[in-house]
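The numbers here are math on the coordinates, done by the rules we state, and not lab data. As the structure is a computational prediction, the values presented were derived from the model and not from experiment. For neighbour counting, all protein chains shown are included, and Cβ atoms are generated from backbone atoms with ideal geometry for every residue, glycine included.
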Amino acid sequence: AQSVTQLDSQVPVFEEAPVELRCNYSSSVSVYLFWYVQYPNQGLQLLLKYLSGSTLVKGINGFEAEFNKSQTSFHLRKPSVHISDTAEYFCAVMPVRGAQKLVFGQGTRLTINP
Amino acid sequence: KAGVTQTPRYLIKTRGQQVTLSCSPISGHRSVSWYQQTPGQGLQFLFEYFSETQRNKGNFPGRFSGRQFSNSRSEMNVSTLELGDSALYLCASSSGTVIEKLFFGSGTQLSVL
């Protein structure tokens with residue numbers, strides 16, 4: 001089985017400041033890793049994913065994440081945030097083999113203050 | 001290309017009733033997955049259908065069921081509604097072979113009174 005822990009339920013930052021949203025996972029099998037964003041009253045939009053290869057993954061809207069296998073982490077970063085980044089962010093894993101379903105963390109609400 | 005379409009957008013039901021939610025996947029996609037999102041439990045996988053067959057199932061009671069039609073459209077049914085079934089129900093579609101490319105709909109917000 002897999003589990004995902006997002007270490008911060010809420011993260012407030014000022015506009016143009018850097019941000020890091022933390023994600024740790026647990027799995028007995030190899031997994032793919034994902035970050036999704038959810039804007040108010042909307043579904044989930046994929047920000048980025050790690051399947052294999054380079055551990056630094058770049059996504060949309062200037063976000064990037066680094067996969068650290070030894071620490072089983074997949075933290076999301078952005079060097080300079082904008083008001084429009086205010087949303088809820090979800091880290092998720094999916095086993096490479098077996099049941100193809102996403103297991104999500106509880107989410108981190110990112111609030112950007114002017 | 002149209003995205004994943006879920007109908008209705010909002011639903012209000014009372015305890016004991018049943019409800020059917022609909023999901024139309026992206027054209028050409030053969031896999032449809034359903035997720036439940038609640039403030040307490042977060043996002044949880046319900047089930048996945050591929051080519052009209054349930055391929056994977058989450059840990060939900062038998063009151064939750066689904067089906068997929070030959071045109072890949074999917075419906076989810078919840079019988080004997082309980083207050084705790086109030087949630088945002090999200091549908092996601094994929095080709096079924098490149099499963100990590102999931103596209104989500106905007107969801108159906110179900111309120112059980």
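What to note about this one:
- Inter-label distance for A:R109 and A:V29, nm, one decimal - labels placed 7 Å from Cα along Cα-to-Cβ: 3.5
- Our summary gives chain B a relative contact order of 36 percent, counting only alpha carbon pairs under 8 angstrom and 6 or more residues apart.
- Placing R0 at 35 angstrom, the Cβ-Cβ distance between A:S80 and B:L11 gives a FRET efficiency of 0.30 after rounding to 0.05.
- Note on chain B: dipole from Cβ charges, positive end direction compared against B:G66, B:G42, B:P25; the farthest Cα belongs to B:P25.
- For A:K49, the lysines whose Cα falls under 30 Å of its own Cα, not counting residues fewer than eight places away in the same chain, are A:K58, A:K69, A:K78, A:K101, B:K1, B:K57, B:K101.
- For the stretch A:1-69, size of Cβ-based charge dipole, Lys and Arg +1, Asp and Glu -1, in debye: 340
- Other residues whose C-beta falls under 9 angstrom from the C-beta of A:E64 contribute a net charge of +2, scoring Lys and Arg +1 and Asp and Glu -1.
- Of the trypsin sites (Lys or Arg not before Pro) found in the stretch B:18-65, those that fall in a DSSP loop while having at most 14 other beta-carbon atoms within 10 Å are B:R63.
- Neighbourhood net charge (14 Å Cβ-Cβ; Lys/Arg +1, Asp/Glu -1) for B:F60: 0
- For the protein assembly as shown, the dipole from Cβ point charges (+1 on Lys and Arg, -1 on Asp and Glu) about the Cα centre works out to 640 debye, to the nearest 20.
- Cysteines in the protein assembly as shown all have a partner Cβ under the 4.7 Å cut-off, so none lacks one.
- If you take the Cα centroid of the stretch A:46-68 and the Cα centroid of the stretch B:27-63, the two points sit 25 Å apart.
- Remark: the stretch A:7-13, residue by residue, has Karplus-estimated 3J(HN,Hα) of 6, 10, 7, 9, 9, x, 9 Hz, where x stands for each Gly or Pro and the curve is 6.51 cos²θ - 1.76 cosθ + 1.60 at θ = phi - 60°.
- Exposed-site-free run, longest, chain A (rule: GluC sites (Glu not before Pro); DSSP loop; at most 14 other C-beta within 10 Å): A:17-114
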